[in-house]
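*Asks:* One structure coming up, written as structure tokens, with questions to follow.
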Amino acid sequence: MNKNIMNKNLMIIICFLCSVMSVRVWAQENMPAPADNNLEFRAPPLEEFSTMIKRPLFSKQRRPVAVARENVERPKNKTSLKPVKTNFFLSGIIFDGEDYVALLKESRTSDALLLKKGQSIVGWKVEEIKAEEVWLVSGERTSRLSLRDNKLSDAEKQKITRMAHARKKLAQRKKLAESRKRLTENRRQLDHIRKK
């Protein structure tokens, strides 16, 4: 009897494989030829990312991102500018098919702004946006923000660890309180049964 079941299973598998192969052959024969042999990549327009911009994935609040509207002139002599550190955080860079758009925050907790080349944020103008970095200029000062620099400092890591431990302790306290409450309720029920 086991041989009959094995033979049936084998026949089912063979039939399934044959049907899959026939569907593949049919699909290859009936597929339309590509209209354009030019396979050049073209990024979709920025408008197609409207949902992602309205509800940013890497923002806790998932709130719409404000778009900077102020345009300013570019400085002429970039080589004489001195690099400095700013309070800005580069959340991301979007390529809309023609230009790069930077997603900047004034600090790690503030709302993000979409900035194009030439726009300003708190006295700093976006000088240049590349695939992984943004250059800001303010008078004689420059600042380079890189996506690779988006690492937590030791202080931020310690803060997150402390918060995780605090949450764990709070959960343990809640669980202990619930256990004590159940134990008290069980004792009451047991005393009630004993009295009867």
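The values are calculated or read from the model by the stated rules, or taken from the named source; none is laboratory data. A quick note: this is a predicted structure, and the numbers were derived from the prediction, not measured. Backbone-built Cβ (ideal geometry, glycine too); neighbour counts: all protein chains shown.
*Asks:* Is segment 105-114 home to any residue that is loosely packed, with under 10 Cβ neighbours inside 10 Å and among the β-branched types (Val, Ile, Thr)?
*Replies:* Yes, segment 105-114 has at least one match.
*Asks:* What about Arg144, is it in contact (Cβ under 8 Å) with a residue 60 or more places away in the chain and under 23 Å from the mean Cα position of the chain (by Cα)?
*Replies:* Details: in contact (Cβ under 8 Å) with a residue 60 or more places away in the chain: yes; under 23 Å from the mean Cα position of the chain (by Cα): yes.
Spelling it out, Arg144 is indeed in contact (Cβ under 8 Å) with a residue 60 or more places away in the chain and under 23 Å from the mean Cα position of the chain (by Cα).
*Asks:* Given (1) modelled with pLDDT under 90; (2) within 23 Å of the chain's Cα centre (by Cα), identify the lone condition not met by Trp135.
*Replies:* (1)
*Asks:* Same structure again: Would you check which residues across segment 98-145 are touching a Gly at 6+ places or on another chain (Cβ under 6 Å) and under 23 Å from Glu47 (Cβ atoms) and list them?
*Replies:* Start the filter on segment 98-145 by keeping residues that are touching a Gly at 6+ places or on another chain (Cβ under 6 Å), which leaves 103, 138.
Answer for segment 98-145, where residues must be touching a Gly at 6+ places or on another chain (Cβ under 6 Å) and under 23 Å from Glu47 (Cβ atoms): just Leu103.
*Asks:* Can you tell me which residue among Asn4, Asn9, Asn37 is among the polar types (S, T, N, Q), at pLDDT 60 or above, exposed (fewer than 10 other Cβ atoms within 10 Å of the Cβ) and over 28 Å from Glu106 (Cα atoms)?
*Replies:* Values: Asn9 fails: exposed (fewer than 10 other Cβ atoms within 10 Å of the Cβ); Asn37 fails: at pLDDT 60 or above.
Step by step, each of Asn4, Asn9, Asn37 is checked, and only Asn4 is among the polar types (S, T, N, Q), at pLDDT 60 or above, exposed (fewer than 10 other Cβ atoms within 10 Å of the Cβ) and over 28 Å from Glu106 (Cα atoms).
*Asks:* Moving on to the next point. Mind listing whichever residues of segment 138-196 are outside any helix (DSSP H, G or I) and more than 30 Å from Ile94 (Cβ to Cβ)? I'd like the intermediate steps shown before the answer.
*Replies:* From segment 138-196, those outside any helix (DSSP H, G or I) are 138-146, 150-153, 196; that's our starting set.
Matches in segment 138-196: Lys196 only.
*Asks:* Within segment 163-196, can you find the residues that are within 29 Å of the chain's Cα centre (by Cα) and hydrophobic (A, V, I, L, M, F, W, C)?
*Replies:* If the condition is that a residue be within 29 Å of the chain's Cα centre (by Cα) and hydrophobic (A, V, I, L, M, F, W, C), then Met163, Ala164, Ala166, Leu170, Ala171 are the ones that fit.
*Asks:* Residues Glu156, Glu140, Glu132, Glu128: which one is among the acidic types (Asp, Glu) and surrounded by 15 or more Cβ atoms within 10 Å (Cβ to Cβ)? Show your work before the answer.
*Replies:* Working: Glu156 fails: surrounded by 15 or more Cβ atoms within 10 Å (Cβ to Cβ); Glu140 fails: surrounded by 15 or more Cβ atoms within 10 Å (Cβ to Cβ); Glu132 fails: surrounded by 15 or more Cβ atoms within 10 Å (Cβ to Cβ).
Step by step, each of Glu156, Glu140, Glu132, Glu128 is checked, and only Glu128 is among the acidic types (Asp, Glu) and surrounded by 15 or more Cβ atoms within 10 Å (Cβ to Cβ).
*Asks:* Looking at segment 83-97 only, could you name the residues that are touching a residue at least 24 places away in the same chain (Cβ under 8 Å) and farther than 10 Å from Val134 by Cβ? It would help to see each step written out before you state the result.
*Replies:* First, pick out the residues of segment 83-97 that are touching a residue at least 24 places away in the same chain (Cβ under 8 Å): 83-86, 88-97.
Scanning segment 83-97 gives Pro83, Val84, Lys85, Thr86, Phe89, Ser91, Gly92, Ile94, Phe95, Asp96, Gly97.
*Asks:* Taking Gln119 as the residue in question, decide whether it is in contact with an Asp or Glu (Cβ under 8 Å, 6 or more places away or on another chain), modelled with pLDDT under 65 and either on the phi < 0 side of the Ramachandran plot or buried (at least 17 other Cβ atoms within 10 Å of the Cβ) (or both). Don't jump to the end; show me each part of the working.
*Replies:* On the way: in contact with an Asp or Glu (Cβ under 8 Å, 6 or more places away or on another chain): yes; modelled with pLDDT under 65: no; either on the phi < 0 side of the Ramachandran plot or buried (at least 17 other Cβ atoms within 10 Å of the Cβ) (or both): yes.
The answer is no for Gln119.
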